[in-house]
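Report on the structure given below.
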Amino acid sequence: MSSIIDTTAESIRSMEIRGAGRIARAGAEALRGFAETYAGNDLASFRADLKAAEQTLLASRPTAVSLWNGVQSSLKGAYKTESVDAARELILANSRQFCKRSLEAGDMIARIGAKRICDGDTVMTHCNSSMAVGIIEEAHRQGKEFKVYATESRPWRQGIITVTQLAEAGVDTTLIIDSAVRSVMKRTDKVFVGADTVTSHGALINKIGTSQLALAAHEARVQFYACAETYKFSPMTLYGDMVTIEERDISEVVRPGEIPASVKVFNPVFDSTPAAYIDAIITEMGMISPGSVYGIMVEQFGYKEE
């Protein structure tokens, strides 16, 4: 196995690489590195090693469809080539194209989403979404005056990253504990969150606690926006596959010996927010309703290449 594949997979698994977009680009870049450094010209051996690399990357974060799409985009056509050199060149081109589109999508989402923030608004965000942060920073660059509440996002406290980024950009930012969401929602005008996966029926799979924000926003009549590149749409859900909700080690929640051994700990990384609680999904293609996701998926991912 290529060292770059193992290193990238471990960095994703340990959350050294975080955020669905960054994870997707890391997977694509790892496959590019694998192809660039592969030694040998036997096509059968190359295909077997490539399949092992693919499986290693995908196993590192099973919930993030962005990783799946980044990997599949990089590998498109690679198993059908007639030489190692041809496969190598195809993977290099595919990977570069995917990463380019990913970064361009983020820029477009920032410009579109910033239009929804007005002077005097109070905005809430959750976890550390590069798309949500990008929207907020873009609105600030446009000279808009507004406030931001950002959740702490336990147990990994990714909200610390978010408030640091926003403070460095000059945004008026307040960190809140996760359990304060409902209280603070009464002072909030709009909520912007990221996405790990969007299903074919418009449900949002995102950092645990996202559904709590959506429910509180729905109750308070606050606009709730999911920010997602279309490569976070899950083509597998078109065929009835369920999204795997990853659970992580209990050591992230409690220290050894802190609670009785008979007590169980449930530590899911993500939860599911129903489409009914989402006002719109902000994508690089524009603002769409959750009900529009199916049509976009059929158009872009309507078949799976064998």
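The values are calculated or read from the model by the stated rules, or taken from the named source; none is laboratory data. Values in this document were obtained by computation on a predicted structure and should not be read as measured data. Cβ: placed from backbone, ideal geometry, glycine included. Neighbour counts: every protein chain shown. With ligands, DNA and RNA removed, areas are computed over all heavy atoms of the protein, side chains included. Shrake-Rupley method; radii C 1.70, N 1.55, O 1.52, S 1.80 Å.
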(request) Would you be able to tell me the number of residues in the range 8-17 that are without any contact (Cβ under 8 Å) to a residue 12 or more places away in the chain and more than 12 Å from residue 27 (Cβ to Cβ)? (result) 2
(message) Return the residues of the range 272-293 that are open to solvent by less than 60 Å² (accessible area, probe 1.4 Å), among the polar types (S, T, N, Q) and within 17 Å of the chain's Cα centre (by Cα); say none if nothing qualifies.
(response) 273, 283
(request) Just need a number here: residues in the range 156-183 that are assigned to a helix (DSSP H, G or I) and over 29 Å from residue 291 (Cβ atoms). (result) 14
(request) Could you run through the range 138-155 and say how many residues are in contact (Cβ under 8 Å) with a residue 12 or more places away in the chain, assigned to a loop (DSSP other than H, G, I, E, B) and farther than 16 Å from residue 227 by Cβ? (result) 7
(request) Go through the range 136-160 and count every residue that is among the aliphatic types (A, V, I, L, M), within 25 Å of residue 179 (Cβ to Cβ) and in contact with a helix residue (DSSP H, G or I) (Cβ under 9 Å, 6 or more places away or on another chain). (result) 3
(request) Please work out which one of (1) at pLDDT 95 or above; (2) in contact with a strand residue (DSSP E or B) (Cβ under 6 Å, 6 or more places away or on another chain) is the condition residue 85 fails and give its number. (result) (2)
(request) For the range 162-183, enumerate the residues that are open to solvent by less than 70 Å² (accessible area, probe 1.4 Å), touching a helix residue (DSSP H, G or I) at 6+ places or on another chain (Cβ under 9 Å) and among the aliphatic types (A, V, I, L, M). (result) 166, 169, 171, 176, 181
(request) Please go through the range 123-137 and pick out each residue that is in a helix (DSSP H, G or I) and not β-branched (Val, Ile, Thr). (result) 130, 131, 132, 134, 137
(message) If I ask for residues that are part of a loop (DSSP other than H, G, I, E, B), in contact (Cβ under 8 Å) with a residue 12 or more places away in the chain, surrounded by fewer than 17 Cβ atoms within 10 Å (Cβ to Cβ) and not polar (S, T, N, Q), which ones from the range 31-67 would you list?
(response) 40, 42, 62
(message) Report every pair of residues separated by at least 6 positions or lying on different chains whose Cβ atoms are under 9 Å apart, first residue within the range 114-137 and closer than 12 Å to residue 173 by Cα and at pLDDT 95 or above, second surrounded by fewer than 23 Cβ atoms within 10 Å (Cβ to Cβ) and acidic (Asp, Glu).
(response) 122/189; 123/189; 124/189
(request) Scan the range 186-209 for residues that are on the phi < 0 side of the Ramachandran plot and either under 17 Å from the mean Cα position of the chain (by Cα) or buried (at least 24 other Cβ atoms within 10 Å of the Cβ) (or both) and report the count. (result) 16
(request) Out of 223, 212, report the one residue that is open to solvent by 40 Å² or more (accessible area, probe 1.4 Å), touching a Lys or Arg at 6+ places or on another chain (Cβ under 6 Å), among the polar types (S, T, N, Q) and under 24 Å from residue 149 (Cβ atoms). (result) 223
(message) So the check is Cβ under 6 Å with 6+ separation or different chains; which pairs have a first residue in the range 162-187 that's farther than 15 Å from residue 123 by Cβ and a second one that's open to solvent by less than 70 Å² (accessible area, probe 1.4 Å)?
(response) 177/152; 178/151; 178/152; 178/209; 182/216
(request) Determine, yes or no, whether residue 107 is open to solvent by 70 Å² or more (accessible area, probe 1.4 Å), of a type outside the set (Phe, Trp, Tyr) and closer than 23 Å to residue 129 by Cβ. (result) yes
(request) Read through the list (1) in contact with a Lys or Arg (Cβ under 7 Å, 6 or more places away or on another chain); (2) open to solvent by 60 Å² or more (accessible area, probe 1.4 Å), then give the number of the only condition that residue 102 fails. (result) (2)
